Amino acid sequence: MNIVDRSFGRHHLDWRLTMTAHLLVPVDRRPGRPSVLQAVLIHTPLAKDSVARVSVLADDFTWAVLLDLPAAEWSVGVDAPMEETMSEALEDVANDLLRRAATILGAVS
């Protein structure tokens, strides 16, 4: 998996991270087909509004959701007052989500 784009920032009270990766996904036991995964994390003060989602780009150029986790499964211990610390914490979660999505797809490293 190759991370090709990463954006991080703050919007009002929310921290947001988007990571996009290219990888090869095998189809019918043939060599891998190039695919795109995107992890989106939004950490908000209210857990009900937080998002941790990984999608894959479909053939019709729409995003198909592979994983969508509730805040209780990922936001514990993510609260950090410093931007650098929050960036690292969200990036760790995003990397884990991308690895899990690649496993679901049976991607080739």
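Selection within region 19-56: residues that are over 14 Å from the mean Cα position of the chain (by Cα) and within 18 Å of D68 (Cα to Cα). The member of this set that is surrounded by the fewest Cβ atoms within 10 Å (Cβ to Cβ) is K48.
Contact annotation: residue pairs with Cβ atoms under 9 Å, 6 or more positions apart or on different chains, pairing a residue in region 17-44 that is closer than 12 Å to W63 by Cβ with a partner that is open to solvent by 10 Å² or more (accessible area, probe 1.4 Å) and basic (K, R), are T18/R6; T20/R6; Q38/R53; A39/R53; V40/R16; V40/R53.
For region 28-57, name all the residues that are of a type in the set (S, T, N, Q) and either outside any strand (DSSP E or B) or modelled with pLDDT under 95 (or both). Show your work before the answer.
Let us first name the residues in region 28-57 that are of a type in the set (S, T, N, Q), namely 35, 38, 44, 50, 55.
If the condition is that a residue be of a type in the set (S, T, N, Q) and either outside any strand (DSSP E or B) or modelled with pLDDT under 95 (or both), then S35, T44, S50 are the ones that fit.
Within region 1-18, being surrounded by 11 or more Cβ atoms within 10 Å (Cβ to Cβ) and among the hydroxyl-bearing types (S, T, Y) holds for one residue alone: T18.
The values are calculated or read from the model by the stated rules, or taken from the named source; none is laboratory data. Keep in mind the model is a prediction, meaning the values are calculated, not measured. Don't worry about glycine lacking a Cβ; one is built from the backbone with ideal geometry, like all the others, and counts go over all protein chains shown. Quick note on the areas: whole protein, heavy atoms, side chains included, nothing else; ligands and nucleic acids left out. Shrake-Rupley method; radii C 1.70, N 1.55, O 1.52, S 1.80 Å.
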